[in-house]
Amino acid sequence: MKDTTRDKEPPIVTEKPKQGGDTYVRWTWVEPAVWTERMLITLETGIEGGKWFALMDKVWSRKNLRRAAEKVINNGGSAGIDHQNVRQMERHKEREIEGLNRELQEQEYQVQAVRRTWIPKMGSKELRPLGIPAVRDRVVQTALRNVIEPIFERDFAPQSYGFRPGRGCKDALRQVEGLLKSGHSWVVDADLKSYFDTIPHGALMERVSQKISDGRVLTLIESLLKAGVMDSVKGWQPTGKGTPQGAVVSPLLANIYLDPLDWKMEQGGWKMVRYADDLVILCTSETQAHAALEEVKGWVQENALTLHPEKTRIVDMKQKGGFDFLGYHFEGDQKWPRKKSMDKLKDTIRAKTRRNNGQSLRRISRELNRTLRGWFEYFKHSKRGTFETVDGYIRGRLRSILRKRDGRKGRGQGPDHQRWPNTYFSAEGLMSLIQAFDAACQSRCRGQPPTGEPDAGNPPVRFGGRGGVSRPYPYP
């Protein structure tokens, strides 16, 4: 799409564009500083030749850079290798925007290497690499994503849920639940080994260029991919493949690369549900499951990726064992938090309920509730016994604190349950997960959206990726 305008912005798109009616509801999340009503009409009807031209001026637009800077500042996060943090960006925002605008226009902008840090891998002794771009680079990546994301989002396959506007984990879980209930009891549980670190740059850029012909945008994306990483031990290292986990634009690029797999499975009639690099295929027979796995194996090999040999398997839901997906464990006709999710919750609870904790019980309860509310909102569709177990574990930890304050050692014993009954902790403000579960069940039975907890003052939980919406989670 040719557009000779530079910083003279045409009228921005409103939340409900005047033309097209409900056709534009799906685009309420786009950045209005970039996507004008005219551009949205073109996006919906299809651009001539299928490729977008002259997009770079949208990236360096001061309005877009300003909106991008605001998003980066609001998201917070650590500094990159230049040690500039978001507070410094906030103080000098206009100066930084002018600098980036000029550098991008005059092709002087240089991407800095990402700062590599290592974070614990949940449920494992292994560490996961995380790349932290400089704040300035995060602003440019956000501005770039504001421009190109709708172009690709328009044609993404429906069974992809990860890092997409208005979609998220619960939507994917709802789809899996529905397929299991409809008789798809053979599951291909597939795991792409080190996916983000192994995406081949050449093939990825080829897929990006299928929809974008602006050479300067393509050069910018390639420079982000090849910026390299700065490791505190190994120093600077080039990046010949992969897209850093932690980079703003990485999730979009990862979805672009896997989109052909999504459509291949869709056109083949396979019921695949994918969230980023986590995917399951639900089948009605063992024969179908083996055939689906072979389809995935073939595509993965052709596209220079690798299936994890130990984590990829076929599961018969009528047998013991089940599978994990997005934090839940599915087995038989029930589901509950997977072991790693429970271990993470217990680690958090232990950190807040050490026996030498000198805070009042009411304050400790208040701190615990902050964790429990969010955890329950996500896992409230687990089997009932899950919440009884967690409630009992928490009260046991609190009774141990009270015993220590009495000068006694050890965990809470039988008499302690009588001295400090469950109602004692409720009076101190501790959230009861089992009561929240029962209240949610009663609300669903009455046809009302569950509140997640009797305390109606709880803030709504946002789900879906960037651009997700706050709403009740209705699936039973």
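The values are calculated or read from the model by the stated rules, or taken from the named source; none is laboratory data. Bear in mind that the values here come from a model prediction, so they are computed numbers and not experimental data. Here Cβ is always computed from backbone atoms with ideal geometry, including for glycine, and neighbour counts include all displayed protein chains. The protein model used for the area step is the full one, side chains on, heavy atoms only, and it has no ligands, DNA or RNA in it. Shrake-Rupley method; radii C 1.70, N 1.55, O 1.52, S 1.80 Å.
Given the rule -39500 (n - 2.57) for each run of at least 4 DSSP H residues, summed and divided by the residues of the chain, what is its mean residue ellipticity at 222 nm, to the nearest 500 deg cm²/dmol? Mind dumping the intermediate values first?
Working: 18 runs with 216 residues, N = 476.
Estimated from H runs of four or more residues: -14000 deg cm²/dmol.
Can you tell me which of 401-412, 386-397 comes out highest on packing, and rank the rest after it, using the mean Cβ neighbours within 10 Å?
Averaged packing, sorted descending, gives the order 386-397, 401-412.
Excluding residues on the same chain fewer than 8 positions from Lys241, give the lysines whose Cα lies under 16 Å from its Cα.
Once the sequence-local lysines are set aside, what remains near Lys241 is Lys193, Lys226.
Would you mind classifying the stretch 142-208 by shape? Square roots of the alpha carbon gyration tensor eigenvalues, ordered a ≥ b ≥ c; an a/c under 1.5 is rounded, otherwise it is prolate if a/b is larger than b/c and oblate if not.
oblate
With label points built 7 Å along Cα→Cβ from the Cα atoms of Glu222 and Lys264, find their separation and express it in nm.
The two pseudo-label positions are separated by 2.5 nm.
Answer rounded, prolate or oblate for the stretch 222-357, using the Cα gyration tensor with square roots of eigenvalues a ≥ b ≥ c: rounded when a/c is under 1.5, else prolate when a/b is larger than b/c, else oblate. Present the calculation step by step, with values, prior to reporting the outcome.
On the way: a/c = 2.49, a/b = 1.04, b/c = 2.39.
Oblate, because a/c is 1.5 or more while a/b does not exceed b/c.
Please get the size of the charge dipole for the stretch 288-430, origin at its Cα centre, with Cβ charges of +1 on Lys and Arg and -1 on Asp and Glu, quoted in debye to the nearest 20.
Details: 33 positive and 17 negative charges, 282 e Å.
Charge dipole of the stretch 288-430: 1360 debye, to the nearest 20.
Only four residue types carry charge here, +1 at the Cβ of Lys and Arg and -1 at the Cβ of Asp and Glu. Report the dipole size of the chain about the Cα centre in Debye, rounded to the nearest 20.
Here the chain has a charge dipole of around 2600 debye.
Need the list of aspartates and glutamates near Lys181 for cross-linking: C-alpha distance under 19 angstrom, and skip anything on the same chain fewer than eight residues off.
Asp171, Asp189, Glu286, Asp316, Asp324, Glu331, Asp333
Go through Gln245, Ser443, Ala276 and say which Cα lies farthest out towards the positive end of the charge dipole of the chain; charges sit on Cβ, +1 for Lys and Arg, -1 for Asp and Glu.
Toward the positive end, the furthest listed residue is Ser443.
Over 23 Å between C-alpha atoms is what I'm after, so list which of Lys344/Lys404; Lys71/Lys340; Lys58/Lys93 land there.
Lys344/Lys404; Lys71/Lys340
Which order do you get for Tyr424, Tyr328, Tyr161 if you rank them by accessible area with a 1.4 Å probe, largest at the top?
Tyr424, Tyr161, Tyr328
How many Å² of accessible area per residue for the chain, probe 1.4 Å?
Normalised by residue count, the accessible surface of the chain is 49 Å².
When ranked by the protection proxy of mean other Cβ atoms within 10 Å per residue, highest first, what sequence do the peptides 130-142, 291-303, 428-440, 83-95 form?
Order by mean packing, descending: 130-142, 428-440, 291-303, 83-95.
With a/c under 1.5 counting as rounded, go ahead and sort the stretch 97-158 into rounded, prolate or oblate using the C-alpha gyration tensor (a ≥ b ≥ c being the square roots of the eigenvalues; past the cut-off, prolate if a/b is larger than b/c, else oblate). Walk me through the numbers before you get to the answer.
On the way: a/c = 3.92, a/b = 1.36, b/c = 2.89.
The shape class here is oblate.
With the full set of protein chains in place, find how many percent of the accessible area of the chain is carbon and sulfur; take the probe as 1.4 Å.
Looking at the chain in its full context, I get 49 percent from C and S.
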